1. Can you tell me which residues in region 133-150 are within 14 Å of the chain's Cα centre (by Cα) and either closer than 22 Å to ARG189 by Cβ or not hydrophobic (A, V, I, L, M, F, W, C) (or both)?
2. Which of the residues that make up region 178-220 are among the polar types (S, T, N, Q) and closer than 16 Å to VAL116 by Cα?
3. Could you list, in sequence order, all residues of region 169-188 that are open to solvent by less than 50 Å² (accessible area, probe 1.4 Å) and part of a helix (DSSP H, G or I)?
4. Among residues belonging to region 141-168 that are without any contact (Cβ under 8 Å) to a residue 24 or more places away in the chain, open to solvent by less than 60 Å² (accessible area, probe 1.4 Å) and not hydroxyl-bearing (Ser, Thr, Tyr), point out the one that is farthest from LYS63 (Cα to Cα).
5. When the residues of region 189-204 are narrowed to those that are part of a helix (DSSP H, G or I), free of Cβ contacts under 8 Å to residues at least 12 places away in the same chain and within 22 Å of the chain's Cα centre (by Cα), which ends up nearest to ALA121 (Cα to Cα)?
6. Could you look through region 37-54, keep only residues that are surrounded by 14 or more Cβ atoms within 10 Å (Cβ to Cβ) and either assigned to a loop (DSSP other than H, G, I, E, B) or at pLDDT below 95 (or both), and pick out the one that is farthest from the chain's Cα centre (by Cα)?
7. Take ARG130 and tell me if it is among the basic types (Lys, Arg) and within 14 Å of the chain's Cα centre (by Cα).
Amino acid sequence: MKRQPDPKRQQREATTAEQTRMALVHAALKLFGRQGFDGTSTREIAAEAKANIGSIAYHFGGKEGLRAAAADFIVETIQGIAGQALGATQAAAPATPEAARAQLFAALERMVGFVVVSPQAGEIVQFVLRELSHPTAALDRIYAGVFEPTHRRLCQIWEQATGEPAESEATKLTVFTMIGQVIYFRIGREAVMRRMGWREIGNEEAAKVVAATTGNLRAMLASRDARAGKKDKS
């Protein structure tokens with residue numbers, strides 16, 4: 001008599017396989033960011049993930065496929081965070097300038113909460129910096145999935161908040177400065193802690209970073225309002 005498949009056993013095996021897959025992705029993200037793609041062996045990745053080295057070929061087809069999976073993980077992670085703060089990429093911009101401005105402040109606060117505080121963000125930023133220095137197909141995936149749509153969405157919100165065209169050169173550069181000031185607190189983390197006399201950047205320190213970055217945004221918006229006021233009077 002032919003034995004019937006055990007659904008519970010199949011479920012356990014599927015769960016174990018997915019856990020192994022994700023452990024490999026996290027290990028690759030960490031090691032590729034720290035050591036570079038060429039400087040990391042599949043043996044090191046398997047050891048970091050506590051997995052059989054053959055599981056890399058089984059799940060990803062090889063080291064290159066694993067790098068692509070790490071890039072896709074970054075895209076999924078950032079899309080989830082950006083979606084909570086900015087709404088869907090194709091969603092309409094906020095209905096009023098006030099609502100748009102509120103969304104910009106909320107987005108900046110959420111960026112700080114993830115990029116500056118989350119340990120996972122450190123590994124993601126390291127991986128992305130490697131890709132930006134030596135672009136591969138992984139950067140194409142990250143750019144198409146995260147950089148371009150998130151930046152475009154912020155530009156749309158900026159247009160609603162200020163009246164400045166979303167796709168103008170000035171708006172694009174302004175949005176880059178908004179994002180860049182937050183990223184610095186991650187890539188310059190050690191220098192920031194030394195200069196500020198902080199042992200860590202936890203929630204208390206992050207609140208101070210939020211106050212500084214949102215203060216900068218408030219000044220940028222006030223400058224636009226002042227210019228618009230002068231134009232109205234002339």
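1. ARG141, ILE142, TYR143, GLY145, VAL146, PHE147, GLU148, PRO149, THR150
2. The first filter runs over region 178-220 and keeps only residues among the polar types (S, T, N, Q), leaving 181, 203, 213-214, 216.
Passing the criteria: GLN181, ASN203, THR213, THR214.
3. Step one: list which residues in region 169-188 are open to solvent by less than 50 Å² (accessible area, probe 1.4 Å), which gives 171, 174-175, 178-182, 185-186, 188.
Once the filter is applied, which keeps residues that are open to solvent by less than 50 Å² (accessible area, probe 1.4 Å) and part of a helix (DSSP H, G or I), region 169-188 yields THR171, THR174, VAL175, MET178, ILE179, GLY180, GLN181, VAL182, PHE185, ARG186.
4. Only one residue tops the list, namely ALA166.
5. Of all residues in region 189-204, those part of a helix (DSSP H, G or I) come to 189-196, 203-204.
The next check asks that each one be free of Cβ contacts under 8 Å to residues at least 12 places away in the same chain; those that pass are 190-196, 204.
Retained after the next criterion (residues that are within 22 Å of the chain's Cα centre (by Cα)): 190-193, 204.
Working: GLU190: 15, ALA191: 17, VAL192: 17, MET193: 17, GLU204: 18 Å.
Only one residue tops the list, namely GLU190.
6. Top of the filtered list is ILE53.
7. On the way: among the basic types (Lys, Arg): yes; within 14 Å of the chain's Cα centre (by Cα): no.
So ARG130 does not fit the description; no.
For (1) surrounded by 14 or more Cβ atoms within 10 Å (Cβ to Cβ); (2) more than 27 Å from ALA161 (Cβ to Cβ); (3) touching a residue at least 24 places away in the same chain (Cβ under 8 Å), each residue gets a yes or a no:
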| position | (1), (2), (3) |
| --- | --- |
| PRO97 | yes, no, yes |
| ALA100 | yes, no, yes |
| PHE105 | yes, no, yes |
| GLU109 | yes, no, yes |
| PHE114 | yes, no, yes |
| PRO119 | no, yes, no |
| GLY122 | yes, yes, yes |
| PRO135 | no, yes, no |
| LEU139 | yes, yes, yes |
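The values are calculated or read from the model by the stated rules, or taken from the named source; none is laboratory data. What you see is a predicted model, and the numbers here were worked out from it, not measured in a lab. Positions of Cβ are generated from backbone atoms using ideal geometry, with glycine treated the same way; all protein chains shown enter the neighbour counts. For the accessible areas, the whole protein counts, side chains as well, though only heavy atoms, and no ligand, DNA or RNA atoms are used. Shrake-Rupley method; radii C 1.70, N 1.55, O 1.52, S 1.80 Å.
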